[in-house]
Amino acid sequence: MFKKAWSIALTDLISLWKDKLSFLWLIFLPILWITMMSAVTGGGDGKIPLGIVLQDQGILGQALVENISHLKGIEVKPVKTEEELTQLVREGSISLGLVIPINFSANIQENQKTSLKLILSKRQSSYFLEALIYKELQRIESQSQAASFSLKEVEKIKPLSNKQKEEFWRDAFQNSSNYWQKSGLKVEYSTVEKEEGIIPQGANQSSPGFTIMFVLFGLFLGAGSLVEERRAWTLARILTTPTSRTSLLSGKFLAYFLVGFIQFSILVLYGQFVLGVNYGSSILGVAAVGICFVLASVGLSTLFASLARTHGQAEAFAILLANVLGMLGGSWWPLEIVPPALQTVAKFTPVYWGVYGLHKLITYNLGLSSILVNLYVLLGFAAVSLLLSILLFRYE
């Protein structure tokens, strides 16, 4: 049986190889689309843009900007004027604007009231950035107070000139900064639920998301050719030869699986080496997601071919269904930004379990053990859909 199934699969693969239009739909179109969407959504580094207008010329204003620029996940964008900063926030080019006023350093050193100005957008949540800025502001204030206290203690022992005071204060401030950085205090986090708050952007969203969707789309289109073979009585004629229905359907399954997995591998490699997406340290995990998702897609596409009546109907519904499942499952945009109700609906689609499995490996840099649930659910989709397709498939 396996020999006949392999022969049927090989025949289909050779036929596909000769069809140049298939490469357009399976490889070139997905690559073009993924590249375009990655560029539109802003690259793959995932950093949050923060615009800063530095009006203060003192040491504390510069130190605050430097500290913020060293924060992981933040990209500081220097802006010349407050008006320009306001316009950038309004356009959505940056998530939050920060204005450091002229007397910022002097007011803190003299322990006087001072304030920073934040320019917010109603369309974007900036609470995370605000909390980081406030934390760094507290750090600057603590260092300044430590330097001022040290200066007062030294002056009790030996009077200093204004120039010496300034130099001593700067040295004390810098030393307190070094001490802060070398602090041995650490906080360890234990996560008991899925990771929240990390939203994939650019190629980190588009590459895995559309890789999954286009694999499903390609196999759905392949189901259309299976419908055409049934309509043209090709399948019925094959069954007049010493070929069982099991061998015939197994050969079709095998051909679809190989096509889907090859397509998945090419798109993943393109994302890794051309778009710069880091698919994590678990190559085995990425391969496992690919295998399980392709199996689920093969089952769904064959079930789809069992229900479709004409080739045109199959192609039309293939485009519609693949896009709808892609939108619901997280191919088009991160599910973190959609309402909770839609996030719940997404879990009933195989696309969700494929996309989120890859995001665990890419965004969270987790290993194979973290995606076991994803693999089990995809295998469940595969088992149910393959069983239904075997029961419902018509050969003539």
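Read-outs throughout are calculated quantities, based only on the coordinates presented, and are distinct from any laboratory measurement. Bear in mind that the values here come from a model prediction, so they are computed numbers and not experimental data. As a convention, Cβ positions derive from the backbone with ideal geometry for all residues, glycine included, and neighbour counts pool all protein chains shown.
With the Cα gyration tensor of region 48-179 giving a ≥ b ≥ c as the square roots of its eigenvalues, does the rule (a/c under 1.5 for rounded; else a/b larger than b/c for prolate; else oblate) give rounded, prolate or oblate? It is prolate, given that a/c is not under 1.5 and a/b is the larger ratio. Placing +1 on the Cβ of every Lys and Arg and -1 on the Cβ of every Asp and Glu, with nothing else charged, gives region 48-179 a dipole about its Cα centre of roughly 200 debye. Applying 1/(1 + (r/R0)^6) with r as the Cβ-Cβ distance of Gln138 and Lys80 and R0 = 45 angstrom yields a FRET efficiency of 0.95. Using the Cβ-Cβ distance between Glu130 and Asn103 with R0 set to 22 Å, the FRET efficiency from 1/(1 + (r/R0)^6) comes to roughly 0.50. Once both labels are positioned 7 Å from their Cα atoms along Cα-to-Cβ, the gap between Asn111 and Leu10 label points is 8.8 nm.
Around Phe104, with a cut-off of 15 angstrom between Cβ atoms, what is the net charge of the other residues, counting Lys and Arg +1 and Asp and Glu -1? Here the charged neighbours net out to -3.
Distance check, please: which entries in Lys80/Lys163; Lys117/Lys360; Lys77/Lys163; Lys80/Lys117; Lys113/Lys152 exceed 25 angstrom between their Cα atoms? Numbers along the way, then the final one.
Details: Lys80/Lys163 31 Å; Lys117/Lys360 37 Å; Lys77/Lys163 34 Å; Lys80/Lys117 15 Å; Lys113/Lys152 21 Å.
In this structure, Lys80/Lys163; Lys117/Lys360; Lys77/Lys163 exceed 25 Å between Cα atoms.
Rounded to the nearest 0.05, the FRET efficiency derived from the C-beta distance between Leu21 and Asn365 at R0 = 41 Å is 0.60.
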